[in-house]
Amino acid sequence: MGRRDPEEGHLPAPVKPPDGGWGWIVLFGCFVITGFSYAFPKAVSVYFKELMKDFHVGYSDTAWISSIMLAMLYGTGPVCSIMVNQFGCRPVMLIGGLLASAGMILASFTTNIIELYLTAGVLTGLGMALNFQPSLIMLGTYFDKRRPLANGLAAAGSPVFLSSLSPLGQVLLEKFGWRGGFLIMGGLLLNCCTCGAVMRPLDMGMKRKMEKAQDKYEAKEMLPIGGKSEEGISTTDGTKKAKKVKKKPKKGKKLLDFSIFSNRGFIIYTISKFILVLGLFVPPILLVNYAKDTGVPDTEAAFLLSIIGFIDIFARPACGMVAGLKWVRPHVAYLFSFAMLFNGLTDICSARASNYTGLVIFCVFFGISYGMVGALQFEVLMAIVGSQKFSSAIGLVLLIEAFAVLIGPPSAGRLVDALKNYEVIFYLAGSEVVLSALFLAMATYCCLNRGKKKEAPPAKNPSAGAGSDTEEAESDVQEAEEHSSDNHQPTHNTDSAMVAATEEANHVAEEQSGEGGGCPEGDGEVLARDADQTVERDRF
């Protein structure tokens, strides 16, 4: 009685994020998934030399394995969004973990490079994509106040796994060869299924608690108390039937919500992120070769990436803590702009580094700024579109970023081959990152903040003009949550009290209008308020 049946085809009411509890288990799962998704395509490069010998191909041919993985991770964003909106996060992640593991296991039996592209590239890349996006969606549903810190901790999985998977891959290659290494790596990817299994939908636990409390309450209410219980039951049954009739026309959640393109904040974020990705990944890709060309030994040149990863591990959680401060979180978009500006200026200032000391200094500052960008990129997107539309937003953003990933690093490599000069590449990459930072900051200030001040209604809500789209969306969700909880409160006394109070108010109003003929307007309002107060007292 009064319960919300999920089979009726309507969406459940939004549940308030617990900001803890089982959310910490979800955070750990997201940490592992993020680590595999970003670090695995880079860690596979350890096997490239052996693949070149066995298949008699060049370095560029083997490098396509990592490129295809990243292209699948970014380019299948809308497909992941559709599957999540249709089936939920947990089933999609379980399927993704199986696909990622199956891809690496099948890759260990391949006989040519094309088969490697299809197994390790397409299949494993698709599996990791089906894990990465749902894990971020679940993180956003479990955390609200602590969401910046949660995003920073989850993003730290990338440098942690990169620093561990690469040495592990080297050990596996020496002991078991590349085929045995791929087979064991496929077994490790089965941990993605474990992470998917802990992604419990947030409303499931809340529904269980509500059902238990509801059963206890109904057991008390169903005690024989004469004709009133029968009237309450009939009233509740009639109300439930009326609600079922109204709920039938409601449609489920859209598979891919394109209405987010009407959000100016989302458009600004997407454009700035596209420009950012054009130059963000270029310096770490070319850093080792750049160091070797300046006369740095191979071992010391490879250690530069370890410096970036070590600094990145601490930079991401620290930036998440800063973004969660009360006076910083409303302006998190500007903090993200500062992080991008810091990263771009680091690239530009290090373009003339000609010795190992200068490159180490560059790696320290690049690791800090790169970690800040990684910790804030999805937090800003969640703040713009809200948790309800995040599943569609991240899919579309990743698809747009896929084009930038396929344009930026390959173009930089061609320029290096043509110009034989890394300095120009660092200037170009840094300028692109700086441009994205300035665009995001200026567009946010001019198009969003000023526009809201002009559109703000006078006197009714003084704080509405200074709020963001996120705050308005969150307030709408809270109002809908309160409204739905009030409408579906499973009590017989509430329904009977509302009917009785409404009939009493209408009866008194008809008598007064019949006798006086010209009663003041305030009397009707007083009667309505008295009826509402009666209903509220009965509810409590």
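The values are calculated or read from the model by the stated rules, or taken from the named source; none is laboratory data. Everything numeric here is computed off the predicted structure, so don't read it as measured data. Cβ: placed from backbone, ideal geometry, glycine included. Neighbour counts: every protein chain shown. Only protein heavy atoms, including side chains, enter the accessible area calculation; ligands, DNA and RNA are left aside. Shrake-Rupley method; radii C 1.70, N 1.55, O 1.52, S 1.80 Å.
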(message) Show the residue pairs meeting these rules: Cβ distance below 6 Å; 6+ apart or different chains; first residue within segment 416-434 and on the phi > 0 side of the Ramachandran plot; second residue part of a helix (DSSP H, G or I) and open to solvent by less than 60 Å² (accessible area, probe 1.4 Å).
(response) none
(request) Determine whether GLY181 is in a helix (DSSP H, G or I), surrounded by fewer than 24 Cβ atoms within 10 Å (Cβ to Cβ) and modelled with pLDDT of 90 or more. (result) no
(request) With respect to ALA302, determine if the residue is in a helix (DSSP H, G or I), closer than 18 Å to PHE362 by Cα, touching a helix residue (DSSP H, G or I) at 6+ places or on another chain (Cβ under 7 Å) and open to solvent by 30 Å² or more (accessible area, probe 1.4 Å). (result) yes
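Yes/no matrix, rows are residues, columns are (1) within 19 Å of the chain's Cα centre (by Cα); (2) more than 22 Å from TYR38 (Cβ to Cβ); (3) of a type outside the set (A, V, I, L, M, F, W, C):
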| site | (1), (2), (3) |
| --- | --- |
| PHE342 | no, no, no |
| THR346 | no, no, yes |
| ALA351 | no, yes, no |
| GLY367 | no, no, yes |
| LEU376 | yes, no, no |
| VAL397 | yes, no, no |
| PRO410 | no, no, yes |
(message) Please verify whether VAL84 is in a helix (DSSP H, G or I) and surrounded by fewer than 20 Cβ atoms within 10 Å (Cβ to Cβ), treating the condition exactly as stated.
(response) no
(request) Confirm whether LYS49 is open to solvent by 70 Å² or more (accessible area, probe 1.4 Å), assigned by the TED database to the domain that holds ALA150, touching a Ser or Thr at 6+ places or on another chain (Cβ under 8 Å) and not small (Gly, Ala, Ser). (result) no
(message) Looking at segment 260-274, I want the residues that are on the phi < 0 side of the Ramachandran plot and have a partner that is surrounded by 17 or more Cβ atoms within 10 Å (Cβ to Cβ) and acidic (Asp, Glu) with Cβ atoms under 6 Å, at least 6 apart or on another chain. Which pairs are those?
(response) GLY265/ASP469
(message) For the structure I just gave you, tell me whether ILE307 is out of contact with any helix residue (DSSP H, G or I) (no Cβ under 6 Å at 6 or more places or on another chain) and surrounded by fewer than 23 Cβ atoms within 10 Å (Cβ to Cβ).
(response) no
(request) Mind telling me which of the residues ALA412, ALA402 ends up being touching a residue at least 60 places away in the same chain (Cβ under 8 Å), in a helix (DSSP H, G or I), touching a Phe, Trp or Tyr at 6+ places or on another chain (Cβ under 6 Å) and farther than 19 Å from ARG329 by Cβ? (result) ALA402
(request) Please find, among PRO159, PRO134, PRO148, PRO167, the residue that is modelled with pLDDT under 90 and either open to solvent by 30 Å² or more (accessible area, probe 1.4 Å) or under 21 Å from ILE95 (Cβ atoms) (or both). (result) PRO167
(message) For segment 262-277: of the residues being open to solvent by less than 10 Å² (accessible area, probe 1.4 Å) and among the hydroxyl-bearing types (Ser, Thr, Tyr), which is nearest to GLY430 (Cα to Cα)?
(response) SER272
(request) Check LEU94, LEU70, LEU126, LEU118 and return the single one that is open to solvent by 10 Å² or more (accessible area, probe 1.4 Å) and touching a Cys at 6+ places or on another chain (Cβ under 7 Å). (result) LEU94
(message) Among the residues in segment 386-399, are any open to solvent by 30 Å² or more (accessible area, probe 1.4 Å) and under 22 Å from GLY430 (Cα atoms)?
(response) no
(message) On the basis of being open to solvent by less than 30 Å² (accessible area, probe 1.4 Å), outside the structural domain of ALA43 (by the TED database), more than 24 Å from the chain's Cα centre (by Cα) and at pLDDT below 90, does ILE285 make the cut?
(response) no
(request) Among the residues of segment 345-388, count how many are touching an Asp or Glu at 6+ places or on another chain (Cβ under 6 Å) and hydrophobic (A, V, I, L, M, F, W, C). (result) 1
